[in-house]
Every structure is written in structure tokens, then in C-alpha cells.
Amino acid sequence: MLLSNLEKLKTEGTLGEDEHAHLKLEYSGALTQATSQVEQIHRELDAQVVAKKREIEAYSQQLKNLETRLKVGELDATEYSTAVQKTQRVVSKLEQAVAEMETLRRAASSAELGGPVRVSTAAFGSQSSPTRSGRTLTENVDDRQWAMLLHLSMLLGILIPLAGYVVPILIWQFKKEEIPEIDDHGKVAVNWLISELIYGCVALVLTLVVIGLPLLIALGAIGIAFPIVGGIKANNGVVWKYPLSIRFVK
């Protein structure tokens, strides 16, 4: 449209030869740059859609696993219902994100989206990519990082007394409403912290008969290893229940 208008203005004599050539060159350069940016955005959207769909598949498998755990008696009906609802909420959010990205991918203009949509190509590779709802495409990754941080924060006790107890509990309480998955990780962490405290007291008493010292050393080692493994699992979207942990909080 713009090129045809330029040709028309040139024909009418409104634009000189040099001015016409300059404007045409500028327009062609801007068009090439815009086309390149759109193609890059499309590639990023496609990659994000594929990643989200994989996450949906993983959570769908998790729903099947929950059903199996219910059947074998590992979960009672209340635990099963709670876990299913949380997982379904996550799946619903992922499906909404996929639908929005696919709409954005297919749109030929902002009018098809109901208005202008600001998309930053740099955002795809950094922290966020805005959709029409204002949600970010990397939100689930951030959730997993919070879950990982919750587990790893238990190691703070090595540097600051009691921090390994206080910080993970604070993360759990402040983030569990915003990030439903954090609730399960928080319960796992609290159950282990209580269990570790009990085991530590028992081992301390048993130092009177020598055997307590090796137990304390072993407890210290797994007290470091378990949060690291739990953090890695959390970053992969898995709730890992610590071995030897007593389930005080369900």
C-alpha cells in the first residue's frame, strides 16, 4: 500500500526522484527488519507451544500416577482429590497459555487479537513474553525455581543457625497461594525438617552409648544431600518425598 502511494505521488510530481528513492529505500529496510522480527517471534512462539504441550503431557501422566497411588493405598481420598485439583489447575493454566500463544501465532494483525499486542523479541529469551492476558510465557519455569529454592534454602542452616528451618517455611507460606505446586514441596520440606530434628535428638541421646556419633554424622550427610536432590527434582517439576521422612503434614 505504501509503495503504491509513493509511486502515485511520484507520478503526480509531488515527490522528487531523490526523495522517492530515499523513502522507498527506508520503507524496504523497515519492512525487511519487521519481517525478520515477526519470523523470530513466530519461531519463539512455536518453541514455547511445544514446551508447554510437553509439560501438559507430563502433568497428564502425573494425574494417571495419582490414580494409581490411590488404588494401591498410598494416597487416601482426600489427598488424592487435593492433588488432582492442584494438578488440574496447573494444566488449565498451561492450556490457556498455549491457546493464547497459538492465537498470537495465527494472527495476521492486531485487529484479530482485539487490539494492539506489544511483543518484545528480547523478552522471549530473557524473563517474559507478554500475551494478551498479561501472563508470562515462562511463568511455570519461575514456579519451579521457587520450588527448587525452597528445598535448597534448608541448607542455610549450615551458615546461619535456624535459617534452614525458618526460610523454607516462609517461602512455603508466602508462595503456596500464588503457586499451588509449592504447597506439596513445602509439606515435604517441613516433614523432613521435623523428622531430621527427631532423628537428631535420638542420635544425640545415643552418643552416650557411642553409636550416636556415627548416626549424627550420617544424619548430617543426608541432611545436605536430600535438599539438593529435592531441589533438582523440583526444578524438573517433580515432588520428591525424602526417604526416612515421617509424614506429619499431609
Worksheet entry | Packing-based ranking, highest mean first, of 205-211, 66-72, 47-53, 182-188 given that Cβ atoms within 10 Å are counted | 182-188, 47-53, 66-72, 205-211
Response to the item:
Here the FRET efficiency for Leu197 versus Ile232, based on Cβ atoms and R0 = 35 Å and rounded to 0.05, is 0.90
Worksheet item: Using the Cβ atoms and a cut-off under 12 Å, what net charge is assigned to the surroundings of Pro227, where Lys and Arg are +1 and Asp and Glu are -1?
Response: 0
Discussion item. Could you give each residue of region 148-163 its phi-based ³J(HN,Hα) in whole Hz, using Karplus coefficients 6.51, -1.76, 1.60 with θ = phi - 60°, and x for Gly or Pro?
Written reply: 4, 4, 4, 5, 5, 5, 5, 7, 5, x, 5, 9, 10, x, 6, 4
Discussion item. From the phi angles alone, apply the Karplus equation (6.51, -1.76, 1.60; θ = phi - 60°) to region 233-250 and give each ³J(HN,Hα) in whole Hz, x where the residue is Gly or Pro.
Written reply: 4, 4, 5, 9, x, 10, 8, 9, 7, 5, x, 6, 7, 8, 7, 7, 10, 10
Worksheet item: Arranged by the count of other C-beta atoms within 10 angstrom, fewest first, what order do Lys93, Lys250 take?
Response: Lys250, Lys93
Response to the item:
The alpha-carbon center of region 225-246 and that of region 181-207 are separated, in whole Å, by 13
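If you rank Met154, Met101 by fewest surrounding Cβ atoms within 10 Å, what's the result? Walk me through the intermediate numbers first.
Values: Met154 25, Met101 19.
With the sparsest Cβ surroundings first, the list reads Met101, Met154.
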Worksheet entry | Distance between modelled label sites at Val209 and Leu170, nm, 7 Å Cα→Cβ extension | 4.1
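Scale the Cα Rg of region 138-250 by the rule-of-thumb value 2.2 N^0.38 Å and send over the ratio, two decimals.
Details: Rg = 14.6 Å, N = 113, 2.2 N^0.38 = 13.3 Å.
For region 138-250, the normalised Cα radius of gyration comes out at 1.10.
At 0.36 nm per residue, minus the direct Cα-Cα distance, what do Ala77 and Leu244 gain on full extension? Give it in nm, one decimal, please.
Full-extension gain reported as 57.8 nm.
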Worksheet item: Counting other C-beta atoms within 10 Å, which of Trp192, Trp146 has the fewest, and how do the rest follow?
Response: Trp146, Trp192
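Read the figures in this text as sums done on the coordinates, not as results from a lab. This structure is a prediction, so every number in the text was calculated from the model and none was measured. Cβ: placed from backbone, ideal geometry, glycine included. Neighbour counts: every protein chain shown.
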